1. Within region A:237-269, restricting attention to residues that are buried (at least 18 other Cβ atoms within 10 Å of the Cβ) and among the hydroxyl-bearing types (Ser, Thr, Tyr), which residue is modelled with the highest pLDDT?
2. For the structure I just gave you, tell me whether A:ALA87 is buried (at least 19 other Cβ atoms within 10 Å of the Cβ), at pLDDT 55 or above and assigned by TED's automatic domain parsing to the domain that holds A:LYS250.
3. Might you check whether a residue that is basic (Lys, Arg) and modelled with pLDDT under 75 occurs anywhere in region B:55-75?
4. Restricting to region B:79-107, and then to whatever is at pLDDT below 85 and surrounded by 14 or more Cβ atoms within 10 Å (Cβ to Cβ), can you tell me which residue is farthest from the other protein chains (Cβ to nearest Cβ)?
5. With (1) surrounded by 14 or more Cβ atoms within 10 Å (Cβ to Cβ); (2) within 14 Å of chain A (Cβ to nearest Cβ) as the list, and B:ASP61 as the residue in question, which single condition is left unmet?
6. List the helices (runs of 4 or more DSSP H) that sit entirely inside region A:299-403 and contain at least 3 residues that are more than 25 Å from A:GLN107 (Cα to Cα).
Amino acid sequence: MKRNNNNEIEQQLTPKCEFHASEDLVGKVLNAAAEEARPSTAAAPAFRWRAVFAAAAAVAAVVALFITVKPVGTPAYAAENLFARAAEYFTMVNGYSVHFDVRTEPQEQFSYSNPTKGIVHHTMTVASDGRWKLDKVGRIAEYDGSDIYVWFPEEGWGWKHDSDKTGIIFPFDNLLDLGGMMRWLEEYVAGSHGADCRKVEDDETVKLIVTVPAQGDYSNSYMKQASIGDSDTKQTYVFSKADGRLLSAKIDTKVLGVSRTILNAKSIDYDTAITASTFAVPMNVEWLDHTRKALAGLAAELPMGEFAGIGAEEAVEKLFKALHDWDEPMLKAVLRAYPLKRIEAKGFKGCTLARRGESFRSGSYVGVFVPCEVQLATGRKIKVKLALRDDNQWHAWTVDGGI
Amino acid sequence: MRHVNQLEHYLIRSVCNKCRDYQRKKQYDLVPIEDAARIPVPESDRPMHEEFLRISKLLEDLPEQQQEVVRLKCTDGLKFREIASVLEIPEATAKSRYRYAIEHIQDKLNKTSKNHETEQ
């Protein structure tokens, strides 16, 4: 009898619904977590674009607007007409602008996204003559018809690249040729069958929902959810039934079991009015010339060989010795992605390496990460995770982010 | 992390400890449980909130240690062995705390029931 009573009490104490973190709570926790986020690569932009560029060159890697790997499956129905019509629509368009929000940092590389971050508005403008501009306020990229420029307006510096380096804005380089992307999707859908892609229709629109797993090796999870490609995502593309236009796109990922939108392209302006000033390259910016020609010249001047044929850990130790001694040729060789005055302004001049961890790889990043504790000249200690890579013609390590 | 045998227990324990540390460091405007019902909650969270209030009401007179055991057993569905591991107490202690809690709630409900009968 008593046991029965106990059972009744236990039943009363057992929740009748599932207890889980509410979206509101998850939002608050994530926002708080963002304040204590891992050492960000925000201060060291574009640490990944070169690998991404190489990957993007393999057309098979580009599946949809922001998809960087093939989805596990594709619709088992004929959605190809949908994409064919969307592609056809683009042959009649004289330029367009895509407005979209991403959870990221204003200055970070374009590929960086993080569900714990706030929303940063982006605008991609593409002219019919091939010029384009991608603006997220803290970082702007532009092709002026001759070269590609990427700059940080608030800091007054940036890079100049060759015109074919569109991978620097990955994954948004897919937005440069929406018609081509639609044609590719058409072929892809026509040739594949599966269950992780579905279509929902109403009177005016067709919605394509694709489930895409994170790419890369996450045996070290540092890079998991550090970009759209590094996240398990549900991607939704909405097309107009009337003329096949792509109307909007949305990408969701799950954090603590709660869905969170990391990218939302709410609108696309077709035949957008583009003025000459849209693509004006700013004059008051210090440009680091990273064109092939300029880099070839650098190799003749700088001791690249000092950072070739050694491990990443040794390269890091050489870097910090050079920072301590402020050895400019050595620093320009290993920190060629940065103006040295910026490194100095951040307090790294005269610093010492207090502790160094082992290098590790994570996600799809082509290089390695090396955790370090640094004692600045002021005595303050900070922790950084340096991103280094050596996939260049000299096979010399260069710092790609984290400083 | 090699020393961690039961990851789930380890995480629960870590979160508990972290919350306590956080609470020690910061001053909060605490709300009595009877006022919790007046806190605005999103519509989607209302069923969960009401369940929380109902269960909290049943547990309100119990010592914190007994409440914790009951929550781990009935809400999280842990076994006594697992509760003992999470709370770092002997399994027998976990069982006895639970038994006292259940008996206390039983008495409370009986009294409430008798009061209702008397009033009627």
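1. Out of the qualifying residues, it is A:SER248.
2. yes
3. Going residue by residue through region B:55-75, those that are basic (Lys, Arg) are B:57, B:71, B:73.
Next, from what is left, pick out any that are modelled with pLDDT under 75: none.
No, region B:55-75 contains no residue that is basic (Lys, Arg) and modelled with pLDDT under 75.
4. Residue satisfying both the conditions and the ranking: B:SER85.
5. Checking B:ASP61 against (1) surrounded by 14 or more Cβ atoms within 10 Å (Cβ to Cβ); (2) within 14 Å of chain A (Cβ to nearest Cβ), the one that fails is (1).
6. Answer list for region A:299-403: A:312-325, A:328-334.
So that you can scan it fast, the table gives a plain yes or no per residue for (1) of a type outside the set (Ser, Thr, Tyr); (2) more than 16 Å from the chain's Cα centre (by Cα):
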{"residue": "A:TYR89", "(1), (2)": "no, yes"}
{"residue": "A:VAL102", "(1), (2)": "yes, no"}
{"residue": "A:GLU108", "(1), (2)": "yes, no"}
{"residue": "A:TYR112", "(1), (2)": "no, no"}
{"residue": "A:THR123", "(1), (2)": "no, no"}
{"residue": "A:SER128", "(1), (2)": "no, yes"}
{"residue": "A:VAL150", "(1), (2)": "yes, no"}
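The values are calculated or read from the model by the stated rules, or taken from the named source; none is laboratory data. Every value quoted in this text rests on a predicted model; they were computed, and no experiment measured them. Cβ sites come from the backbone with ideal geometry, for glycine too, and all protein chains shown count toward neighbours.
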